[in-house]
1. Here are Leu41, Leu65, Leu32, Leu37: which of them is free of Cβ contacts under 8 Å to residues at least 12 places away in the same chain, assigned to a helix (DSSP H, G or I) and within 17 Å of Val15 (Cβ to Cβ)?
2. Which ones in the stretch 44-80 are within 25 Å of Thr29 (Cβ to Cβ) and not aliphatic (A, V, I, L, M)?
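Here, each number is a calculation from the coordinates, and none is a lab measurement. Being a predicted model, the structure only gives us computed values, none of them experimental. Cβ placement follows ideal geometry from the backbone for every residue including glycine, while neighbour counts extend to all protein chains displayed.
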Amino acid sequence: MLYLLPVFRWASLEVSTNPAHSDDDQAYTAGLGEALLTSDLIKSHWHNTLEGYCTLPLSPYCERLKKFVDTNAAWMQQQIDSRADVDPYWHQVQ
């Protein structure tokens, strides 16, 4: 259920799944539902906070930010590749 609280400019989403289905199916379906229900809120957030923030040519700050995000994404991929089969957290992240 998605609750929109316009007075406080806050939203809350509560998702429940059925444990009779596999973890992968539950995670995928919950994520799909979340995306469907919150896509307009995410788009609004992007327009209000980030749109046009780091445009080309990148400023020195945005270059550092890009490097940080790229480094973090590479680290996350390495964790997924090495741990998804043995760690439930990284299994779900993948």
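1. Of the residues listed, the single one that is free of Cβ contacts under 8 Å to residues at least 12 places away in the same chain, assigned to a helix (DSSP H, G or I) and within 17 Å of Val15 (Cβ to Cβ) is Leu32.
2. Ser44, His45, Trp46, Gln77, Gln79
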